[in-house]
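The values are calculated or read from the model by the stated rules, or taken from the named source; none is laboratory data. Keep in mind that this is a model prediction, so the values were computed, not measured. Here the Cβ positions follow ideal geometry from the backbone for every residue, glycine too, while neighbour counts run over all protein chains shown. Please note that ligands, DNA and RNA were not included when accessible areas were found on the heavy atoms of the full protein model with its side chains. Shrake-Rupley method; radii C 1.70, N 1.55, O 1.52, S 1.80 Å.
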Amino acid sequence: MSTKVQKAISIALGLGFGLGASVPFVHAQTLDEVMKARGLTEKDVLAAAKTYTPSGGRDEYLAFSSGGQSGQVIVYGIPSMRILKYIGVFTPEPWQGYGFDDESKAVLAQGRIDGKDISFGDTHHPAISETEGEYNGKYLFINDKANPRLAVIDLHDFETKQIVVNPLFRSEHGGAFVTPNTEYVMEATQYAAPYKGDFAPLEEFNDKYRGGLTYWSFNSEKGRIDPENSFTFELPPYSQDLSDAGKKDSYGWGFTNSFCSERYVGGIERGRPPFEAGCSSKDTDFLHITNWKKAAELVKAGKVQKKNGMYLIPMEQAIKEGLLYLIPEPKSPHGADVTPDGKYITVSGKLDSHTWVYSFDKIMKAIEGKKFEGKDPYGIPIIALKDALHTQVQVGLGPLHTQYDAKPCVAYTSIYVDSMITKWNYCEGKVLDQLPIQYNVGHLMAMEGDSVTPDGKYLVALNKLAIDRFNPVGPLHPQNHQLIDISGEKMQLLYDMPLPLGEPHYVVAIKADKLQPEVRYKSGWNSRTDEKSPFAARAGREKTERTCDAQGKCTVEVLGTVIRSHITPEIIEAEEGDTVRLHLTNLERAQDEVHGFAMYGQNVQLSIEPGKTASATFIADKVGVYPYYCTEFCSALLLEMQGYLLVTNKGFKTGEAKMKEGTAYTKADYQTQVKTNQETQAVIDQVVAFITSHNYKDFPTVVALVEDATDQLGHAEGAKKKADEAAGKEDWQNAMLWANQWWQYQVKTADLGLRAKTYLEQNQAKKVK
Ligand code: CUK
């Protein structure tokens, strides 16, 4: 093999030269020496061994974290705590082209409020779709507290597909929580307000301001929320907080806590003591209990009216039908968490040191026996605390959220003020263990912790403050997610992970093997609607069309393709004022062979994964030359993956003058190139022989690579023909250029072929006769 061929193939494969002769740059050291040098204890090394994941290793769980103010979702592995992906949800995210291509702009546009783009979200609670209370790995939901919205992410490609805006609320917090078969996704208000479209002064707070709890209907087959069949419970202006859906024994019911049931309205500027003074004056707030199963039947029977396009069950109706109850709960509670068996609900008071465990059984007995201690000002029956309480456990100062273990009766509660995790037994009501964490923990999360069969194993503490835990990076610190081993009697802290993207509130983790994400799309795919794109293009069928309407408004529409290492078209022409609509399809089949597309001055950045068709629309309002290129280092000739948009004055004729060549080629240049190509072909033939002599058809990854390679080789033949023709006419300039293009296709073929060969070798492919 000539050096030129070897070098080209090495570059294509991303290898350096002389890799075989590498010298270790760190002296080999024993474990003892490393421990001494780095000041590590045996406990540290044990913790490291429990999280360290060798190169190429996979994680047992995938965690989906809310991204707080970033309006995104963060995906990381457990136990390695390696960040794998950010998913753009409510916020544009250029790497994924989210909010830059037309397809995803359409998703973000669903989240407009009163016609306004809201380009951020305050994401709090992710939830994984469930079947019979088990995570099924199909969809992820996440809420936006600031603008009452809910998003649907499809886990077959980890992309946001839908955003719905609550048509009644002005803020929300108690979402997203799913019912056990993902029939509904719960979303409760936080700050009471008159329902959308209405105005009432603060003086009319008690009468005109309202809370609420929406049960968004989810169509699991379509993978979309169905607003038409969703319904909302009108609730008192009590600042509803978190929710959880009942399961197993408590299936069909929902639980939502609240704070500021004082209905206090602050207002320092009117000489009133602030909200915080009046919102925590009573000793108890209310746990709201809703019967969604019966409510859904009522909606189905046509007995519920719509407001702003949403079924709204007025309190009066809910009370009459026996759908809504209240129970006192500790002062300023936060978190309502149903046990895996659905028998108990844990609520903690931020300003109390107890967790309160309610018995669903007792609640039902009170409801059935109509045993109430009274009614609230809106007529909602109140169940006495003593008639609903199972136990009360002193867990520490400022308890917030609770998660459950695989072991029966074992729970973990985050203790905000004391900065610790308390492990306790909710059946017997006693504390088992306490672990200090760094610092001020909000939510905590156990593996598959919201399902009916939690896995236990690990717990993640989502700490609000990192303070001194990491290298300083300015006044704004990352947050600190701490991984804790909960497999033994005592909790053991394993790892600190800085999370530098907003304030994550909650995270959910699912067994990694329940997720089967795609590696490529079907060719010409609109990933946001999950349908074939009407703008898909195939190789050789690319086209650019300029059409003008009766008013003389013209549009240049491009149906193009991208494949290593060229964009078709390489030249686009438009006249000043034209609308340009670009649609690019990635023709690659190979895993991870994504192409980007960025253009000067037009805010265009696409991420075009294999199979995807992505579009960009803009007005070419200024005469000029606009270079564009691929933003992913997809091959050795990435930098050459480029083109020009020419925006000319009206009526200007381009391409009329003859192009002046930068370099002139001779017959000798052509002959040298042909020789290289012949040698490269020999390499390709060897690789092909290897692949076809093995059972490569048993490996879908290899089949895809072979498809791409065959495609590239087909192009190579076409280029060779053009080179031969030019040589026949002694046009050495074009002969050389086409011979070089022929070689480019060969290099890509060899790259794909070698990747397939390596894959077969690493996966013990068998020889076939
Ligand atoms: S919340 Cu932030 S720590 Cu939105 Cu569930 Cu509790």
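Somewhere in region 69-92, is a residue more than 25 Å from Met445 (Cβ to Cβ), open to solvent by 10 Å² or more (accessible area, probe 1.4 Å) and out of contact with any Asp or Glu (no Cβ under 6 Å at 6 or more places or on another chain)? Yes, that holds for at least one residue.
Please tell me if Val338 is open to solvent by less than 30 Å² (accessible area, probe 1.4 Å) and under 18 Å from Pro227 (Cα atoms). Against the criterion (open to solvent by less than 30 Å² (accessible area, probe 1.4 Å) and under 18 Å from Pro227 (Cα atoms)), Val338 does not qualify. One residue stands out among those in region 757-769 that are under 11 Å from His694 (Cα atoms) and assigned to a helix (DSSP H, G or I): the one that is most open to solvent (accessible area, probe 1.4 Å), which is Glu761. Yes or no: region 421-433 includes at least one residue that is open to solvent by 10 Å² or more (accessible area, probe 1.4 Å), free of Cβ contacts under 8 Å to residues at least 60 places away in the same chain and among the polar types (S, T, N, Q). Within region 421-433 (the criterion being open to solvent by 10 Å² or more (accessible area, probe 1.4 Å), free of Cβ contacts under 8 Å to residues at least 60 places away in the same chain and among the polar types (S, T, N, Q)), the answer is yes, since at least one residue qualifies.
When Tyr191, Tyr215, Tyr195 are checked against the criterion of being touching a residue at least 40 places away in the same chain (Cβ under 8 Å), over 29 Å from the mean Cα position of the chain (by Cα) and within 22 Å of Pro314 (Cβ to Cβ), Tyr195 stands alone in meeting it.
This table checks each residue for (1) part of a loop (DSSP other than H, G, I, E, B); (2) modelled with pLDDT under 95; (3) open to solvent by 90 Å² or more (accessible area, probe 1.4 Å); (4) touching a strand residue (DSSP E or B) at 6+ places or on another chain (Cβ under 6 Å).
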residue: Phe652; (1), (2), (3), (4): yes, yes, yes, no
residue: Lys658; (1), (2), (3), (4): yes, yes, yes, no
residue: Gly662; (1), (2), (3), (4): yes, yes, no, no
residue: Tyr665; (1), (2), (3), (4): yes, yes, no, no
residue: Asp669; (1), (2), (3), (4): no, yes, no, no
residue: Thr680; (1), (2), (3), (4): no, yes, no, no
residue: Val683; (1), (2), (3), (4): no, yes, no, no
residue: Val688; (1), (2), (3), (4): no, yes, no, no
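Candidates Ser243, Ser230: the one that is at pLDDT 95 or above, over 26 Å from Glu329 (Cα atoms) and of a type in the set (Gly, Ala, Ser) is Ser230. I want to confirm something. Restricting to region 101-147 and keeping residues that are of a type in the set (Val, Ile, Thr) and within 16 Å of Leu515 (Cβ to Cβ), which single residue is nearest to the ligand (Cβ to nearest atom)? Restricting to residues being of a type in the set (Val, Ile, Thr) and within 16 Å of Leu515 (Cβ to Cβ), the top hit is Ile128.
With respect to (1) in a loop (DSSP other than H, G, I, E, B); (2) open to solvent by less than 40 Å² (accessible area, probe 1.4 Å); (3) in contact with a strand residue (DSSP E or B) (Cβ under 7 Å, 6 or more places away or on another chain), the lone exception for Lys490 is condition (2). The residue that is nearest to the ligand (Cβ to nearest atom), counting only those in region 172-199 that are open to solvent by less than 10 Å² (accessible area, probe 1.4 Å) and among the polar types (S, T, N, Q), is Gln190. β-branched (Val, Ile, Thr), over 21 Å from Ala366 (Cβ atoms) and touching a residue at least 40 places away in the same chain (Cβ under 8 Å) - does that describe any residue in region 266-282? No: zero hits. Scanning region 343-365 for residues that are crowded, with 20+ Cβ neighbours inside 10 Å and outside any strand (DSSP E or B) yields Lys343, Asp352, Phe360, Ile363. Output the residue which, of all residues in region 452-465 that are assigned to a strand (DSSP E or B) and open to solvent by 10 Å² or more (accessible area, probe 1.4 Å), is farthest from the ligand (Cβ to nearest atom). Checked region 452-465; the qualifying residue farthest from the ligand (Cβ to nearest atom) is Lys457. When the test is whether a residue is open to solvent by less than 30 Å² (accessible area, probe 1.4 Å), in contact with a His (Cβ under 7 Å, 6 or more places away or on another chain), within 16 Å of the ligand (Cβ to nearest atom) and closer than 14 Å to Gln403 by Cβ, Gly449 does not pass it.
Counting just the residues of region 288-345 that are in contact with a Cys (Cβ under 9 Å, 6 or more places away or on another chain) and polar (S, T, N, Q), which one comes out nearest to the ligand (Cβ to nearest atom)? So the residue we want is Ser332. When the test is whether a residue is among the aromatic types (Phe, Trp, Tyr), in contact with a Lys or Arg (Cβ under 8 Å, 6 or more places away or on another chain), over 25 Å from Ala636 (Cβ atoms) and buried (at least 18 other Cβ atoms within 10 Å of the Cβ), Trp742 does not pass it.
For region 40-68, the candidate set comprises residues that are among the hydroxyl-bearing types (Ser, Thr, Tyr) and open to solvent by 50 Å² or more (accessible area, probe 1.4 Å); within that set, the residue that is nearest to Lys145 (Cα to Cα) is Tyr52.
Taking region 599-633 only, how many residues are open to solvent by 60 Å² or more (accessible area, probe 1.4 Å) and outside any strand (DSSP E or B)? So the answer is 7.
The set of residues in region 296-319 that are in contact with a strand residue (DSSP E or B) (Cβ under 6 Å, 6 or more places away or on another chain) and either small (Gly, Ala, Ser) or open to solvent by 20 Å² or more (accessible area, probe 1.4 Å) (or both) comprises Tyr311, Leu312, Pro314, Ala318. Mind checking whether some residue in region 353-372 is within 16 Å of the ligand (Cβ to nearest atom), in contact with a Gly (Cβ under 6 Å, 6 or more places away or on another chain) and either under 18 Å from Gly254 (Cβ atoms) or of a type in the set (S, T, N, Q) (or both)? So far as region 353-372 goes, no, none of its residues is within 16 Å of the ligand (Cβ to nearest atom), in contact with a Gly (Cβ under 6 Å, 6 or more places away or on another chain) and either under 18 Å from Gly254 (Cβ atoms) or of a type in the set (S, T, N, Q) (or both). In the set (1) within 16 Å of the ligand (Cβ to nearest atom); (2) of a type in the set (Asp, Glu); (3) not in a strand (DSSP E or B), the condition left unmet by Glu228 is number (1).
Just one of (1) open to solvent by 50 Å² or more (accessible area, probe 1.4 Å); (2) closer than 29 Å to Asn649 by Cα; (3) among the charged types (D, E, K, R); (4) in contact (Cβ under 8 Å) with a residue 40 or more places away in the chain fails for Arg538. It is (2).
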